[in-house]
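Here is the structure we will look at, set down as structure tokens.
Just so you know, all these numbers are worked out from the coordinates, no wet-lab data involved. Just so you know, these numbers come straight off a predicted model, no measurement behind them. As a convention, Cβ positions derive from the backbone with ideal geometry for all residues, glycine included, and neighbour counts pool all protein chains shown.
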Amino acid sequence: MAKGKIYILGLVAGIACLLSACSGKKQTGPERPAFSADSAYSYIEQQMAFGPRVPNSSAHSACAVWLIQQLRAFGAEVELQKGEMPDYSGRNQQIYNIIGHFYTVETMNRPRILLGAHYDTRPWCDEEEEYTDRYYNVPGANDGASGVGVLLEVARQVGQRLNDSALATPVDIIFFDCEDMGTPQFYTGTERENTWCLGSQLWATNYSRQKQGAKYKFGVVLDMVGAPDAVFPKEMYSSQYAENYQQQIWHAAEQLGYGARFSNQQAYPIVDDHYYVNVLAGIPCVDIIHYEIRNATGFPHWWHTREDDLTNISKPTLQAVGEVVMSQL
Ligand SMILES: [Zn+2]
């Protein structure tokens, strides 16, 4: 190569650098937030290794201990919120919500962002066709482990920002208990109200009673966020109570190239943990949930069946959801 050519190439590169203001950023699309789907996947595998995390089981308590250890290792101040709520049959159910607070001395009084997912798994596969299969526990790879897996990786990234003094907004990560204890379809007794989301009902009720304490800008709940074909239409309670934040999140997803997954279609209202955060705690909260408008149940075919296992978890989906959540912090 002749010298002249090198000079010209250098000049061209210099002009290109001036045009892009030498920012070092790619010219197209926004900066991609740091998030590792491999890491999120491994957190899902580790939850699955405990077995179904059904409340009152040893797998459930072992998983709770592990979640507390993980959050502490990432730099959170961890709070274990214990309480009781009546279940579908009226019996009192023990609840253990796990809350990781990420903040610095400078940021501790600023309004926080709340991120939530349930870590319990449903005791019954009551969507199974065979009657005898309905008494198995749901394995809960998607319905339970996926949201927690994504949030553990988010917690690891948030901990990194904390170390780098780069966490401007404090973040609370809540692993809600007993979300999936709602009345089983085969129950013949009197149906009670509000039997789903017992952990978030407990948390939101306590929050609304306190006079002082943390304030939140908004919240995001993840539920069933790992399937290869997952689509996240706009859930209706989120639109009703937290429309601006829902739009902000779906817009961020589109900017990141995930517009097809974060669909602009409207989903029916779904009673998930975000519902009680909205109505009982008064914090605008958005649900990111896999919903299939064309299915009779509204949910994927493996929902509340024995098929909700690791074969229905996909890293590209975890990556998409993780980046979208990280883009909001
Ligand atoms: Zn469920």
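Counting other Cβ atoms within 10 Å, which GluC sites (Glu not before Pro) in segment 164-252 have at most 12 and lie in a DSSP loop?
On the way: sites: GLU179, GLU191, GLU193, GLU235, GLU243; in loops: GLU179, GLU191, GLU193.
Listed in order of number, the matching sites are GLU191, GLU193.
Using 0.36 nm per residue and subtracting the Cα-Cα separation, the extra length available between SER239 and VAL271 on full extension is 10.2 nm.
Distance between the C-alpha centres of segment 93-121 and segment 235-265: 23 Å, rounded to the whole angstrom.
Sort out the exposed loop trypsin sites (Lys or Arg not before Pro) in the chain (DSSP loop, at most 13 other Cβ within 10 Å) and tell me the longest stretch that has none.
Answer - 92-210.
Amide hydrogen proximity for LYS234: with H placed 1.01 Å from N in the peptide plane, the residues at 5 or more positions away or on another chain lying under 5 Å are GLN265, GLN266, ALA267.
Modelled this way, with points 7 Å down the Cα-to-C-beta line, the labels at ARG32 and TYR135 are 4.9 nm from one another.
Only helices enter the 222 nm calculation for the chain: every DSSP H run of n ≥ 4 contributes -39,500 (n - 2.57), and dividing by all residues gives -11500 deg cm²/dmol, rounded to 500.
May I ask you to compute the full-extension gain from SER165 to GLN210, defined as 0.36 nm times their residue separation minus their alpha-carbon distance, rounded to one decimal in nm? Before the final figure, lay out the partial values.
Details: separation 45, 0.36 × 45 = 16.20 nm, distance 2.97 nm.
Result: 13.2 nm gained on full extension.
Per-residue Karplus couplings for segment 134-143, computed as 6.51 cos²θ - 1.76 cosθ + 1.60 with θ equal to phi - 60°, are listed in order as 6, 9, 6, 6, 6, x, x, 5, 8, 7 Hz, Gly and Pro entered as x. Ranking of TYR119, TYR237 by neighbouring Cβ atoms within 10 Å, starting from the fewest: TYR237, TYR119. Summarising the amide proton neighbourhood of TYR136: residues at separation of 5 or more, or on other chains, whose placed amide H is nearer than 5 Å comprise CYS125.
Can you give the FRET efficiency for HIS301 and VAL78, using 1/(1 + (r/R0)^6), R0 = 30 Å, r = Cβ-Cβ distance, to the nearest 0.05?
Numbers: r = 36 Å, r/R0 = 1.21.
Plugging the Cβ-Cβ distance into 1/(1 + (r/R0)^6) gives 0.25.
Counting only DSSP beta bridges whose two residues both lie in segment 28-327, roughly 45 percent are antiparallel.
Each residue of segment 38-55 is assigned a 3J(HN,Hα), and the resulting list reads 4, 5, 4, 4, 5, 5, 6, 4, 5, 5, 5, 5, 5, x, x, 8, 6, x Hz, derived from the Karplus form 6.51 cos²θ - 1.76 cosθ + 1.60 (θ = phi - 60°), x at Gly and Pro.
Taking a cut-off of 30 Å, what percent of all Cα-Cα pairs in the chain are separated by more than that?
On the way: 18606 of 53956 pairs.
Roughly 34 percent, rounded to a whole number.
Only lysine pairs 8 or more places apart, or on different chains, with alpha-carbon atoms under 24 angstrom apart are counted in the chain, and they number 5. Rounded to whole numbers, the Karplus 3J(HN,Hα) couplings from phi for segment 197-202 are 6, 5, x, 6, 5, 4 Hz, using 6.51 cos²θ - 1.76 cosθ + 1.60 with θ = phi - 60°, and x at Gly and Pro.
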